[in-house]
1. So which residues in segment 69-96 are at pLDDT 95 or above and more than 16 Å from residue 191 (Cα to Cα), if there are any at all?
């Protein structure tokens with residue numbers, strides 16, 4: 001199983017390599033292909049079922065509904081066969097914390113022991129907005145001093161005994177940067193209680 005980030009802090013999916021049947025939702029299993037062609041989840045139909053089996057994985061869980069439900073004169077996105085996940089669950093396994101849970105602990109509501117006042121929902125929303133704003137402000141500050149030192153060491157070791165050309169340096173930089181960028185895919189599983197776990 002694989003946890004895949006579709007849209008950071010908004011939409012994540014879990015996929016597996018089980019057989020994709022008509023009506024199932026799937027996504028291409030190659031990250032570079034998905035990024036290059038902006039591939040999104042698709043529904044399996046009789047027309048594409050055979051062609052997608054080899055390079056696509058079945059979507060089993062999602063933080064956003066993907067499946068359509070017809071209500072007569074309109075259609076809405078719902079959870080039917082794909083199981084729902086919350087962004088808070090995903091944040092907790094990826095980052096070790098959940099902004100939602102931190103906001104709830106800091107500003108409990110009337111159902112929580114320790115409740116203070118009726119402003120808690122507004123304060124909780126402000127906490128989450130402020131946290132997300134901070135993340136947005138520092139999103140380009142991806143690398144620590146230790147990361148850059150490690151980058152330099154690997155760069156030096158890869159250059160020993162090699163003819164240094166401009167294309168060699170560019171290729172090496174690209175491959176090293178790819179390994180240092182934030183992950184967008186993780187191997188995962190679900191425990192006996194149905195809780196998401198990274199492997």
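The values are calculated or read from the model by the stated rules, or taken from the named source; none is laboratory data. What you are looking at is a predicted structure, and each value in this text was computed from that prediction instead of being measured. Cβ sites come from the backbone with ideal geometry, for glycine too, and all protein chains shown count toward neighbours.
1. 82
Conditions (1) in contact (Cβ under 8 Å) with a residue 12 or more places away in the chain; (2) in a loop (DSSP other than H, G, I, E, B), marked per residue:
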{"residue": "4", "(1), (2)": "yes, no"}
{"residue": "19", "(1), (2)": "yes, yes"}
{"residue": "27", "(1), (2)": "yes, no"}
{"residue": "36", "(1), (2)": "no, no"}
{"residue": "47", "(1), (2)": "no, yes"}
{"residue": "65", "(1), (2)": "yes, yes"}
